[in-house]
Amino acid sequence: MTDKTDESSTASGNSRSQEPSPAVPPGPATVRRRGSAAAALGLVARRLRQPLPGAQPRLRFEMPPEYVHEDQSGADADRDREVRPQFGSPGPRMSPQHPLYMGFMGTVGVGLALLVYWIGSNTTQLLLWIVAALFIALGLEPVVGWLENRKIPRPAGILVSVTVLVSAVVGFFATLIPTIVGQVTEIVEQAPVWIRDFINSEFFRSLDDQFGVRDRIAEELDKFVNDPAAVGGIFGGVVGFGSTIANGLFGTLIVLVLSLYFLAALPAMKKWGYRLAPRSRRSRVEALSEEITRSVGNYVIGQACVALLNATFAFIVMSILGIPFALLLAFVVALLAFIPLVGGMIAGIVVLLVSLTEGWQTAAIYGICYFAYLQFEAYFISPRIMQKAVAVPGAVAVISVIAGGSLLGVLGALIAIPTAAAVLLLVREIYIVRQDQH
């Protein structure tokens, strides 16, 4: 009986051994090893977060706390009360009618006005770079905000926006520079042939027989070669052209870096700007400022969309008609289309002049197609894209573009309409409201 029981237990054990065994939980030793490894990693992470011995935390420029007067009480004080100023409460202000106060503040005001004028007159280029960078930052802010609403962190949105902008600029120069180099090389290679054909022509021979053109040209060339001032002028012109290109590249880099900083610090800049206003008017200043920045950002984005559609249409038409340098001319059309009112017209004239090299029929077809598109854009595309941007009367837009172009060139023409919209908004919401109250 015992043998049978042993055999049956052995058989059942063999059958159980053939079945997949359940997962065995880790033993106490394994759990202890895993716990010690996790503790070691946690200790390393805490050590890495701790500052080095003797190191001090980096100072941060923070906004001062909002001060609440002692006589303020009630719900407003409970809602707005914060830490008091670090160096004590401010004392009473001096009366503005005090002679010492009036004389001192008048002198300080005149001195500050002269200082601002001197700084502005000596840093014009830097101010233009700052204005351009701020304009680009305000234009990219709606894109960054849209990405933030899609749960994308602000640094990642800034990186994507700036990458797209840099790619567009690099693509333009990557297309422009090889084209210019190729055309200059072709001109240099063909110049001797053109000169030889012109000299051997009957027209030049008749001029030479009547006026002695060959001798006159040789005499002028000898004078030019033997004149040190002329040779120095050529060298100075080459050096000046090179310095202009270097300054342009340096300015582009500065504008790009400033745009990146402005875009990253735009919320903090707005907050600091609002704190400079009196507390009683802070909410109104914030509302007006947000409306102005929103209008500027929407205008830049809308103008970029209009310019992209304009350049795409021009590139398609130029490719169909076989106009040379279609891609380069499309970049030129996109840049000129950023200039309101007159940019599209100038772009069409530039492309027409290039298309004349293929014949007047090609130029006529392109002119009809492109200027018909400009009318379609003015009545159907721009109103729908710009409906959330700015609303400026036509006469004010024309005057502002002309004035901005006269003062600051292309940059002034670009920012003219947003500036005019901001001025109109301030006049409507501040000046007219005050006048209606009297």
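Going by the structure shown, is SER319 hydroxyl-bearing (Ser, Thr, Tyr) and surrounded by 17 or more Cβ atoms within 10 Å (Cβ to Cβ)? Against the criterion (hydroxyl-bearing (Ser, Thr, Tyr) and surrounded by 17 or more Cβ atoms within 10 Å (Cβ to Cβ)), SER319 does not qualify. Pairs are defined by a Cβ separation below 7 Å, a sequence spacing of at least 6 or placement on different chains, a first member in the range 333-361 that is farther than 29 Å from SER400 by Cβ, and a second member that is open to solvent by less than 40 Å² (accessible area, probe 1.4 Å) and part of a helix (DSSP H, G or I); the pairs so defined are VAL354/LEU329; SER355/THR362; SER355/ALA363; SER355/TYR366; LEU356/ALA363. Restricting attention to the range 278-304, the residues that are open to solvent by 60 Å² or more (accessible area, probe 1.4 Å) and either in a helix (DSSP H, G or I) or in contact with a strand residue (DSSP E or B) (Cβ under 8 Å, 6 or more places away or on another chain) (or both) total 10. Given the structure, is LEU176 within 21 Å of VAL255 (Cα to Cα), out of contact with any Pro (no Cβ under 8 Å at 6 or more places or on another chain) and modelled with pLDDT under 75? For LEU176, the condition - within 21 Å of VAL255 (Cα to Cα), out of contact with any Pro (no Cβ under 8 Å at 6 or more places or on another chain) and modelled with pLDDT under 75 - is met. Only one entry of LEU352, LEU336 meets the criterion of being crowded, with 20+ Cβ neighbours inside 10 Å and touching a Gly at 6+ places or on another chain (Cβ under 8 Å), and that entry is LEU336. Selection of helices (runs of 4 or more DSSP H) fully inside the range 345-430 by the criterion of at least 1 residues being closer than 21 Å to ALA330 by Cα returns 360-376, 382-385, 410-426. Can you say whether VAL342 is of a type in the set (A, V, I, L, M) and at pLDDT below 85, as far as the supplied structure shows? Here the answer is yes, as VAL342 does meet what is asked.
Filtered by the rule that a residue be among the polar types (S, T, N, Q) and over 15 Å from PHE262 (Cα atoms), the range 137-176 gives ASN149, THR163, SER167, THR175.
Rundown of residues vs (1) in contact (Cβ under 8 Å) with a residue 40 or more places away in the chain; (2) touching a Gly at 6+ places or on another chain (Cβ under 6 Å); (3) closer than 27 Å to VAL317 by Cβ, yes/no style:
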site	(1), (2), (3)
ALA363	no, no, yes
PRO383	no, no, yes
LEU408	yes, no, no
ALA413	yes, yes, yes
PRO418	yes, no, no
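Residues of the range 427-438 that are open to solvent by 70 Å² or more (accessible area, probe 1.4 Å) and either touching a strand residue (DSSP E or B) at 6+ places or on another chain (Cβ under 6 Å) or aliphatic (A, V, I, L, M) (or both): ILE432 alone. Per the conditions (1) over 27 Å from VAL317 (Cβ atoms); (2) crowded, with 17+ Cβ neighbours inside 10 Å; (3) touching a residue at least 60 places away in the same chain (Cβ under 8 Å), the sole criterion not satisfied by VAL392 is (3). Please determine whether any residue of the range 137-153 is modelled with pLDDT of 80 or more, at positive phi and open to solvent by 90 Å² or more (accessible area, probe 1.4 Å). Yes, that holds for at least one residue.
Look at the range 168-192: where a residue is of a type in the set (Phe, Trp, Tyr) and a partner is in a helix (DSSP H, G or I) and open to solvent by less than 70 Å² (accessible area, probe 1.4 Å), sitting 6+ places away or on another chain with Cβ atoms under 8 Å, you get PHE172/PHE331. If I ask for residues that are in contact (Cβ under 8 Å) with a residue 24 or more places away in the chain and of a type in the set (A, V, I, L, M), which ones from the range 269-295 would you list? LEU288, ILE292 - these are the residues of the range 269-295 that are in contact (Cβ under 8 Å) with a residue 24 or more places away in the chain and of a type in the set (A, V, I, L, M). The condition of being at pLDDT below 85 and farther than 26 Å from VAL160 by Cβ holds for only one of VAL238, VAL300, VAL296, VAL317, that being VAL238.
Note on the range 355-368: among residues that are among the hydrophobic types (A, V, I, L, M, F, W, C) and open to solvent by less than 50 Å² (accessible area, probe 1.4 Å), the one that is nearest to the chain's Cα centre (by Cα) is ALA363.
The values are calculated or read from the model by the stated rules, or taken from the named source; none is laboratory data. Computed from a predicted structure; not experimentally measured. Here the Cβ is made from the backbone with ideal geometry for all residues, glycine too, and neighbour counts use every protein chain on show. Areas reflect the complete protein model, heavy atoms only, side chains present, ligands, DNA and RNA absent. Shrake-Rupley method; radii C 1.70, N 1.55, O 1.52, S 1.80 Å.
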